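So the structure is just underneath, and the comments pick up after that.
The values are calculated or read from the model by the stated rules, or taken from the named source; none is laboratory data. What you see is a predicted model; the values in this text were computed from it and never measured. Ideal geometry is used to build each Cβ from the backbone, glycine not excepted, and the neighbour counts take in all protein chains shown. Ligands, DNA and RNA are stripped out before the accessible areas are found, and what is left, the full protein with its side chains, is counted by its heavy atoms. Shrake-Rupley method; radii C 1.70, N 1.55, O 1.52, S 1.80 Å.
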Amino acid sequence: MRLFSSNIFQLGIKELRGLARDGMLLLLIVYAFTLQIYTGSSALPETLNNAAIAIVDEDQSPLSGRISTAFYPPYFSPPKQISIAEMDKRMDAGLDTFALNIPPDFQRRLMAGQQPAIQLNIDATRMSQAFSGGGYVTSEVQEYINRYRGATSVPVDLALRSRFNPELDKSWFGSINNIITAITMLSIVLTGAALIREREHGTVEHLLVMPVTPLEIMLSKVWSMGLVVLVASAFSLFVVVRGLLAIPIEGSLLLFLLGTALQLFAMTSMGIFLATVAGSMPQFGMLLILFLLPLQVLSGAMTPRESMPDIIQYIMLLAPNTHFVILAQSVLFRGAGLDVVWPQLLALLAIGSALFVFALRRFRRFLR
């Protein structure tokens, strides 16, 4: 047993030394857990930010003037006063996302009890801004009209309270999502690259003549590459997320790192399996895209699982990413404890064990 553990440790040290000599992989690790986290979170645009709006004021009344002042930064860029002839040309040229046309005699007709119409043109090719901006423009115009007519507010006052992210800051979500992506990607890349590097350098044959078993070889790759990603993710949480981005973390970091270790156990096993299937590094890269994209898109990291078809939700319960995303968001956003996330920990352990056994069988055939 002592010799068994010593072999795993020494082989793991060998993997770490091999990684230390690979400058490109080291650069990828540093980038994925520092610059990528920072830029992916701080540069994430708000749904409505400096949207270009133009106003055609054919009424030239006090009410139309007040409506024109309702749109200001940071949601909108300063409104441009244009003519009716310019409206379509500017929209065609992509200069304006919104064009508000206030017709002649709007104020007079409104005070006479009529219901004059205001035209709002939206460039729907800018989906994120068009979707939320249309409702925002409509509500602002309606509010100014109600004020001018002396209308009272609606009977029910709806008080909104946003839990876990009071300011609705998208960088909070973006930072954690980028960390999850980096953990998943690098855990597969590092273990797969380590095995392919040995094949290309001819050191696999050296391992075969050594008094070590396939289980020892595989465990050494799992613990060494998993340790690198675990340390890098902890550094990213403390230095980049908490430090540079000043994003609060509500839950236990130790509990999150425990879940991360189980996720790494599963994904490093998958990386070894893909490396045994691929014949070279380019083929491994193609397989990585084939597996990584569905894992990220369908795990709930980008889109809530509830919005997916039921059959996709059931299938993705077999993927470790699904449970890791639930655990990470519950712990880091909502401050959940072990009593809440223990089902995800058990699922990660079970899925990781199954992937490890499956990859070990494939690895033994690979060494023959």
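Flag: Ile102 does not match the condition of being surrounded by 15 or more Cβ atoms within 10 Å (Cβ to Cβ) and either basic (Lys, Arg) or in contact with a Phe, Trp or Tyr (Cβ under 8 Å, 6 or more places away or on another chain) (or both).
Since Gln81 meets every condition but one in (1) at pLDDT below 85; (2) surrounded by fewer than 15 Cβ atoms within 10 Å (Cβ to Cβ), which condition does it not meet? Of the numbered conditions (1) at pLDDT below 85; (2) surrounded by fewer than 15 Cβ atoms within 10 Å (Cβ to Cβ), the odd one out for Gln81 is (1). One residue stands out in the range 105-123 among those that are open to solvent by less than 70 Å² (accessible area, probe 1.4 Å) and part of a helix (DSSP H, G or I): the one that is farthest from Tyr148 (Cα to Cα), namely Phe106. Checking each residue in the range 279-315 for being of a type in the set (Gly, Ala, Ser), open to solvent by less than 70 Å² (accessible area, probe 1.4 Å) and farther than 19 Å from Ala193 by Cβ picks out Ser299, Gly300, Ala301. Within the range 356-365, is there a residue that is touching a Pro at 6+ places or on another chain (Cβ under 8 Å), more than 16 Å from Phe265 (Cβ to Cβ) and either charged (D, E, K, R) or at pLDDT 85 or above (or both)? Yes, there is a match, as at least one residue in the range 356-365 is touching a Pro at 6+ places or on another chain (Cβ under 8 Å), more than 16 Å from Phe265 (Cβ to Cβ) and either charged (D, E, K, R) or at pLDDT 85 or above (or both). You will find that of Ala347, Ala359, the residue that is touching a residue at least 40 places away in the same chain (Cβ under 8 Å), more than 20 Å from the chain's Cα centre (by Cα), open to solvent by less than 40 Å² (accessible area, probe 1.4 Å) and farther than 16 Å from Leu186 by Cβ is Ala359 and no other. For the residues Thr276, Thr260, Thr322, the requirement of being over 20 Å from the mean Cα position of the chain (by Cα), part of a helix (DSSP H, G or I), surrounded by 16 or more Cβ atoms within 10 Å (Cβ to Cβ) and among the β-branched types (Val, Ile, Thr) singles out Thr276. Check the range 327-338 and report whether any residue there is part of a loop (DSSP other than H, G, I, E, B), in contact (Cβ under 8 Å) with a residue 24 or more places away in the chain and at positive phi. Scanning the range 327-338 turns up at least one residue that is part of a loop (DSSP other than H, G, I, E, B), in contact (Cβ under 8 Å) with a residue 24 or more places away in the chain and at positive phi.
Residue-wise test of (1) more than 24 Å from Asn49 (Cα to Cα); (2) modelled with pLDDT under 85; (3) open to solvent by 60 Å² or more (accessible area, probe 1.4 Å); (4) part of a helix (DSSP H, G or I).
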residue: Gln60; (1), (2), (3), (4): yes, no, yes, no
residue: Ala70; (1), (2), (3), (4): no, yes, no, no
residue: Met87; (1), (2), (3), (4): no, no, no, yes
residue: Thr125; (1), (2), (3), (4): no, yes, yes, no
residue: Gln129; (1), (2), (3), (4): no, yes, no, yes
residue: Gln142; (1), (2), (3), (4): no, yes, yes, yes
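Just so you know, in the range 245-257 the residues that are modelled with pLDDT under 85 and surrounded by 15 or more Cβ atoms within 10 Å (Cβ to Cβ) include one that is nearest to Phe173 (Cα to Cα), and it is Ile247.
Scan the range 16-58 for residues that are charged (D, E, K, R) and either at pLDDT 85 or above or in contact with a strand residue (DSSP E or B) (Cβ under 9 Å, 6 or more places away or on another chain) (or both) and the total you get is 4.
Condition check: farther than 17 Å from Leu28 by Cα, surrounded by fewer than 20 Cβ atoms within 10 Å (Cβ to Cβ) and either out of contact with any strand residue (DSSP E or B) (no Cβ under 9 Å at 6 or more places or on another chain) or modelled with pLDDT under 75 (or both). Does Leu227 satisfy that? Taking the combined requirement at face value, the residue does not satisfy it. Scanning the range 1-15 for residues that are outside any loop (DSSP other than H, G, I, E, B) and aliphatic (A, V, I, L, M), we see that the one that is modelled with the highest pLDDT is Ile13. Here Ser233 fulfils each of the conditions (1) assigned to a helix (DSSP H, G or I); (2) open to solvent by 20 Å² or more (accessible area, probe 1.4 Å); (3) not aliphatic (A, V, I, L, M) apart from (2). Tell me whether the range 238-248 contains one or more residues that are aliphatic (A, V, I, L, M), closer than 27 Å to Ser353 by Cα and assigned to a helix (DSSP H, G or I). Checked against the condition, which is being aliphatic (A, V, I, L, M), closer than 27 Å to Ser353 by Cα and assigned to a helix (DSSP H, G or I), the range 238-248 yields no hits at all.
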